[in-house]
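Data block below; observations after.
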Amino acid sequence: MLKKVLKGLEWYSKQHRIMRPDDANIVGNVHGGTILKMIEEAGGIISTRHCNTQSGDRCVAALARVERTDFLHPMLIGEVAHVSAELTYTSRHSVEVQVNVMAENILTGSKKVTNKATLWYVPFSLQNVDKIIEVPQIEYASPEQEEEGKKRYEAQKMERLETKERNGETIIPVISPEEYTVGCSQSSLIHLVGPSDCTLHGFVHGGVTMKLMDEVAGIVAARHCKTNIVTASVDAINFHRKIKKGCVVTVSGRMTFTSNKSMEIEVFVDADPLVETAKGKYRAVSAFFTYISLDKDGKPLPVPTLKLETQEEKKRFEEGKVRYLQTKAKRQAEQERQQ
């Protein structure tokens with residue numbers, strides 16, 4: 001298997017873009033989906049570049065998974081986003097990329113880190129879209145670094161398999177729902193996949209899908225709180241199947257859990273081929289988004305408690321509570337480690 005040392009542009013990529021009004025909500029906070037799209041573009045560039053450094057089929061790296069991503073600080077209209085990506089691990093058929101996002105106030109020169117994300121890509125041949133290309137392997141600074149990367153690879157692989165078990169679930173519309181119930185805030189968005197949404201393969205960019213998912217999750221959160229809301233974090237996003245140009249995608253979201261100051265929203269993406277109808281509708285992507293409610297000064301507000309009406313809703317609420325407590329414990333442990 002080919003081994004190589006990464007140098008220069010092969011292992012590092014950086015992008016810059018000023019945030020404009022159409023990137024943000026009505027109070028000037030940049031949409032989480034806009035930032036996720038920039039993160040995915042940076043990851044896609046560096047992983048595709050790396051996978052084409054060997055002879056053989058030309059390929060495009062497709063997004064397979066995004067690990068949990070926290071939104072550390074809000075980004076505002078007029079700030080410049082600096083998105084940097086670095087290759088950190090390769091398996092035989094996948095690439096791990098770590099991306100950092102920094103917001104710069106160009107009037108004062110101040111900078112702040114807004115996001116850190118880990119993404120996994122799989123390279124597909126341009127000649128045969130079903131053929132996965134073998135990834136050029138990299139050399140690591142130490143055996144320990146390689147072993148840590150392998151552990152991350154095995155962990156995400158196992159979590160992807162577990163997530164697939166949930167993919168039979170659907171979101172059913174509710175007639176005349178009561179306020180603060182799951183049915184009251186659940187929302188859907190329908191989008192026809194066009195050429196501008198797609199890669200050279202004719203399949204949807206992962207960043208486009210994540211942006212649509214964030215929009216739906218934001219609508220669910222806003223309907224529940226009726227206040228300004230922002231993305232606080234995104235749990236791992238798993239891309240189970242590719243979405244082809246010409247498909248109609250239905251992005252659906254529902255509230256699963258509320259704490260005192262946060263809301264968890266489960267989002268599904270289903271794809272329906274218009275031409276190859278024999279393939280039928282299928283679940284393409286799934287993820288959990290966490291939102292917080294803010295007042296006019298940008299300070300967190302209490303979130304209305306979610307009213308649970310069915311046993312399934314109670315089950316999903318308890319599962320969400322476990323994820324919330326696990327995340328809270330990890331955050332506290334990280335803070336103690338840094339002190």
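The values are calculated or read from the model by the stated rules, or taken from the named source; none is laboratory data. Owing to the predicted nature of the structure, the values given are computational and were not obtained by experimental measurement. Don't worry about glycine lacking a Cβ; one is built from the backbone with ideal geometry, like all the others, and counts go over all protein chains shown. These accessible areas exclude ligands, DNA and RNA; they are computed on the full protein's heavy atoms, side chains included. Shrake-Rupley method; radii C 1.70, N 1.55, O 1.52, S 1.80 Å.
When each of the peptides 73-80, 27-34, 41-48, 314-321 is scored by the mean number of other C-beta atoms lying within 10 Å of its residues, the order from highest to lowest reads 41-48, 27-34, 73-80, 314-321.
Starting from the eigenvalues of the Cα gyration tensor, five times each then square-rooted, give me the equivalent ellipsoid semi-axes of region 17-100, largest first, whole Å.
Details: eigenvalues 176, 33, 20 Å².
Here the semi-axes work out to 30, 13, 10 Å.
So if I place +1 on the C-beta of Lys and Arg and -1 on the C-beta of Asp and Glu, and nothing else carries charge, what would the dipole magnitude of region 276-328 be about its Cα centre? I want it in debye, nearest 20. Don't skip to the end; give the middle numbers.
Values: 12 positive and 8 negative charges, 26 e Å.
With Lys and Arg at +1 and Asp and Glu at -1, about 120 debye.
Peptide packing: for 210-221, 93-104, 324-335, the average count of neighbouring Cβ atoms within 10 Å per residue gives the ranking 210-221, 93-104, 324-335, highest mean first. Our note on the geometry: Cα centres of region 81-157 and region 26-78, 10 Å apart. Between region 173-209 and region 238-273, how far is it from one alpha carbon centroid to the other, in angstrom? A separation of 6 Å, based on Cα centres. Simple point charges give the picture: +1 on the Cβ of Lys and Arg, -1 on the Cβ of Asp and Glu, and for region 30-73 a dipole about the Cα centre of about 60 debye.
In terms of the ratio Rg/(2.2 N^0.38 Å) built on C-alpha atoms, what value belongs to the chain? List each step's numbers first, then the result.
Details: Rg = 20.2 Å, N = 339, 2.2 N^0.38 = 20.1 Å.
The reported ratio for this selection is 1.00.
The mean accessible area for residues of the chain, using a 1.4 Å probe and ignoring ligands and nucleic acids, is 51 Å² per residue.
Which is farthest toward the positive dipole end of region 179-303 among ALA221, MET210, LEU192, measuring Cα position about the Cα centre, with Cβ charges +1 (Lys, Arg) and -1 (Asp, Glu)? Final value for the positive-end residue is LEU192.
Near SER110, once Lys and Arg are set to +1 and Asp and Glu to -1 for all other residues with Cβ below 15 Å from its Cβ, the sum equals 0. Distances between placed amide hydrogens fall under 5 Å for TYR89 paired with GLU96, all partners being 5 or more residues away or on another chain. With the cut-off at 27 Å, tell me which of the pairs LYS244/LYS315; LYS112/LYS296; LYS211/LYS261; LYS226/LYS330 have Cα atoms farther apart than that. Among LYS244/LYS315; LYS112/LYS296; LYS211/LYS261; LYS226/LYS330, the Cα-Cα distance tops 27 Å for LYS244/LYS315; LYS226/LYS330. Give, as a single signed number, the net charge of other residues whose beta carbon lies under 15 Å from the beta carbon of LEU189, with Lys and Arg counted +1 and Asp and Glu -1. Net charge around LEU189: -3. Which stretch or stretches of region 213-250 have amide N atoms under 11 Å from the point lying 7 Å from VAL129's Cα along the Cα→Cβ direction? Label zone hits: 242-247.
In the chain, what percent of the accessible surface is made up of carbon and sulfur (1.4 Å probe, ligands and nucleic acids excluded)? Each step should come with its number before you reach the end.
Values: 9220 of 17230 Å².
Taking all protein chains in place, the chain shows 53 percent carbon and sulfur surface.
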